[in-house]
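These notes concern the structure reproduced below.
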Amino acid sequence: MKQLLCLSVLLAFFACGENKPVPPKDVKQYSIEQFYQTKRTGAGLWSADEQRLLVQSDASGIFNLYEIAVTDGSMKPLTKSTTESLYAIDYVPGSADVLYAADKGGDENDHIYLLKPDGSSQDLTPGAKEKAGFLGWSKDKKALYYSSNVRDPKFFDVYKMEIGAWKAALVYQNNEGYNLDGISPYGDYLALSQSITTSENQLYLYDLKNKQLKEISEAGKPGNYGASGFSADGKWLYYTTDVDKEFAYLVKYELASGKRQVAFETNWDLMYSYESETGKYLVIGINEDGKNKLIIRDAAGKDVAFPAIPDGDVVAVNISPSEKNMRLTVGTSKSPNDLYAYSFETKTLKRLTTNAAPEIQPDDLVAAEVVRYKSFDGLEIPAIYYKPHTATANNKVPALVWVHGGPGGQSRVGYFAFIQYLVNHGYAVLAVNNRGSSGYGKSFYKMDDRNHGEKDLQDCIYGKKFLQAQDYIDKDRIGIIGGSYGGYMTMAAMTFQPDEFKVGVDIFGVTNWMRTLKSVPPYWESFRKALYAELGDPFTADSVRLHNISPLFHAKNVKNPVMVLQGANDPRVLQVESDEIVAAIKANQVPVEYVVFPDEGHGFVKKENEIKGYSAVLSFLDKHLKAAPPVGQ
């Protein structure tokens with residue numbers, strides 16, 4: 001069919017007596033400031049009267065709390081922070097008070113705050129190094145449950161606070177270092193897990209009344225188990241597992257009898273599920289080829305139809321307590337997420353936000369495409385691809401291989417202003433999901449264990465080869481970029497395969513595995529052994545291999561320009577990692593640029609910092625990749 005199509009095109013040219021090249025599409029270029037007029041709105045929690053939604057939005061340049069009126073979409077600011085990002089937790093039942101979470105400068109020590117209607121706030125978890133997380137409301141809505149490591153920095157205990165009194169009462173002391181995976185609505189059971197490796201764990205049910213622990217994971221059937229919430233009546237535990245299967249599926253476990261049954265499975269990983277307030281609806285989230293797919297089922301097990309939203313993908317929902325209304329989060333790779341309100345009774349849909357940058361024409365942006373290519377050993381590698389509108393065989397463009405974080409992360413279809421900014425300025429971007437990425441089955445996920453910086457790096461290099469095979473890509477102008485683990489992959493490429501990529505952009509990437517693995521935050525204790533099982537234990541003979549795959553110790557090999565971006569408060573990849581790799585590259589007399597943000601952590605959330613950092617990345621690429629002379633000249 002493809003050959004016939006090509007033939008018909010050729011015949012058309014000859015019939016017209018012409019064989020002119022196809023001109024590139026005329027696209028307006030936009031500034032970084034215009035791209036970051038985009039707003040990000042998250043959460044969307046229903047008020048008691050279901051006339052308002054509690055959200056966080058970065059409309060002010062930093063995340064603050066707002067209420068959105070369902071009637072007309074008007075937004076009322078609740079906070080005016082200029083220093084710290086604030087994230088909505090929920091309305092306090094029976095009041096106009098609000099709970100929110102915030103850390104200090106990206107240090108990840110999140111606290112839970114109470115916000116009153118008069119604007120005053122109270123830190124409910126004020127420990128100096130405390131990290132707290134909301135677990136849910138009690139069934140009678142008179143108390144909240146939360147996790148905290150205030151007793152021991154390494155372990156999270158469970159606490160209960162009565163609304164109004166706000167006094168912490170210890171419910172469960174976590175001496176064994178389990179992961180806390182949820183609490184039942186009546187506060188009688190905890191779901192706990194214990195990591196063995198990053199792809200294998202054990203799931204437990206703890207009876208808080210009788211102080212009894214019961215393993216839910218099946219003996220002799222190793223795999224990944226993840227609690228996915230208790231049923232609304234407190235009789236069932238939902239969990240996901242990949243036991244005996246390639247992809248994660250949903251299981252329903254009856255607490256009283258121990259009976260279990262498969263509740264849902266498909267040929268993609270099931271991400272999560274939850275029941276609405278009384279169990280009338282079950283929401284199921286599926287990771288389908290790098291994209292969210294949602295299913296809602298009623299109590300009879302029948303699928304509930306979503307309202308039709310042109311040019312939009314429903315990526316998340318929140319069903320109101322009355323189960324009469326639903327908040328939908330909708331977006332695409334060309335459009336940021338927007339919030340909608342839907343009435344189950346009247347079937348009416350209201351758009352509540354318009355988060356797209358007002359000065360950018362949607363047709364000037366590009367839609368992400370899911371592609372696949374073969375790696376060095378024949379393994380098929382999935383990727384998310386962004387091709388500039390201006391790219392043609394007669395107007396070749398430079399390109400970037402984009403590497404996600406993790407190691408077990410995933411590049412997904414969705415709006416990212418930075419990527420669209422790069423593409424709008426003439427760079428093709430291939431976001432690779434190298435072996436070890438999540439979302440493509442457990443075998444693929446395990447493939448990079450003890451192979452980091454080796455086979456997964458080859459997947460990135462073969463991503464470059466995929467780009468070079470496109471007739472509209474300038475095969476001599478291809479760079480690599482990534483954040484966190486992707487930053488490590490960038491520097492691994494620049495040190496271990498220094499001739500492959502013309503530039504590298506390292507965004508808070510690991511460069512010394514021994515230091516990083518020794519300095520993981522104390523609250524990672526329950527996960528630390530699993531992390532060591534995948535990457536290596538820096539306190540054992542594994543340190544030899546970790547030294548060998550750490551770019552810092554091979555920085556003398558770097559020969560092409562590098563840019564590094566870092567948050568000073570990053571608790572995962574310490575600033576010293578970036579300081580040292582930059583100094584080592586400078587010692588090579590190789591061009592290196594370095595941007596440090598004193599008020600950011602592991603990821604940049606303030607618009608002014610994103611604008612500064614990402615505009616600097618484009619300037620760096622324009623200078624060292626787009627304007628660089630071709631090989632041999």
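Label-to-label distance, residue 608 versus residue 544, with points set 7 angstrom from Cα along the beta-carbon direction: 5.1 nm. Charged neighbours of residue 91, selected by a Cβ distance under 12 Å, balance to -3 (K, R count +1; D, E count -1).
For residue 142, the aspartates and glutamates whose Cα comes closer than 16 Å to its Cα, not counting residues fewer than 8 places off in the same chain, are 90, 97, 162, 188, 277. From its DSSP helices (H runs of at least four residues, each -39,500 (n - 2.57)), the chain gives a residue-normalised ellipticity at 222 nm of -5000 deg cm²/dmol.
Each residue of the range 554-563 was assigned a 3J(HN,Hα) from its phi angle through the Karplus expression (A = 6.51, B = -1.76, C = 1.60, θ = phi - 60°), giving 10, 5, 5, 7, 5, 10, 10, x, 9, 10 Hz with x at Gly and Pro. For residue 505, the residues whose modelled amide H falls within less than 5 Å of its own, excluding neighbours fewer than 5 places apart on the same chain, are 480, 481, 482, 563.
Within the chain, DSSP assigns beta bridges of which about 80% are antiparallel (rounded to the nearest 5).
State which entries of 167/259; 455/607; 396/612; 465/559; 154/374; 160/302 exceed 31 angstrom in Cα-Cα distance in the structure shown. Violating the 31 Å limit, Cα to Cα: 167/259; 455/607; 154/374; 160/302.
Take the Cα coordinates of the range 50-140, assign each an equal point scatterer, and use the Debye formula without solvent to give log10 I(q)/I(0) at q = 0.11, 0.20, 0.24, 0.25 Å⁻¹. Debye curve over Cα of the range 50-140, log10 I(q)/I(0) at q = 0.11, 0.20, 0.24, 0.25 Å⁻¹: -0.31, -1.00, -1.34, -1.41.
Within straight-line reach of residue 76, meaning a Cα separation under 16 Å, sit the following lysines at least 8 residues removed in sequence or on another chain: 39, 116. Computed from backbone phi with θ = phi - 60° and the Karplus coefficients 6.51, -1.76 and 1.60, the 3J(HN,Hα) list for the range 428-441 is 6, 10, 10, 8, 7, 10, 4, 3, x, 6, 7, x, 10, x Hz; x is used for glycine and proline. For residue 90, nonlocal amide neighbours, meaning residues 5 or more places apart or on other chains whose placed amide H falls under 5 Å from its own, are 99. Computed from the C-beta positions of residue 48 and residue 589, the FRET efficiency with R₀ = 60 Å rounds to 0.40.
Calculated from the alpha-carbon coordinates, the range 442-555 shows an Rg and a Dmax of 15.3, 50 Å respectively.
All C-alpha to C-alpha distances of the range 251-378, sorted into 10 Å bins beginning at zero, yield P(r) values of 10, 34, 30, 17, 7, 1 percent in whole numbers.
Sort 422-431, 230-239, 540-549 by packing, meaning the average of other beta carbons within 10 Å per residue, with the highest value first. Let's see the in-between values first.
On the way: 422-431: 24.3, 230-239: 20.4, 540-549: 15.0.
Final packing ranking: 422-431, 230-239, 540-549.
So, in Å, what gap is there between the alpha-carbon centers of the range 421-496 and the range 508-579? With the range 421-496 and the range 508-579 each reduced to a Cα centre, they are spaced 19 Å.
Hull volume per residue, based on the alpha-carbon atoms of the range 508-633 and their convex hull, is 125 Å³. Measuring r between the beta carbons of residue 170 and residue 527 and using R0 = 22 Å, the FRET efficiency lands at 0.45. Taking 25 °C and 0.890 mPa s as conditions, the range 119-189 diffuses translationally at an estimated 194 µm²/s according to Stokes-Einstein applied to its Kirkwood radius (Cα pairs). For the residue pairs 252/334; 324/606; 291/350, the alpha carbons lie more than 31 Å apart in 252/334; 324/606.
The aspartates and glutamates within cross-link reach of residue 245, meaning a Cα-to-Cα straight distance under 15 Å and a gap of 8 or more places when in the same chain, are 200, 218, 265, 269. Count Lys and Arg as plus one, Asp and Glu as minus one, and take only other residues whose Cβ is under 13 Å from that of residue 242; the net charge is then -2.
Quick note: the coordinates plus some simple rules give every number you see, no bench work behind them. Note that the structure is predicted; figures quoted are calculated from it, not measured. Glycine also receives a Cβ, built like all others from the backbone with ideal geometry; neighbour counts cover every protein chain displayed.
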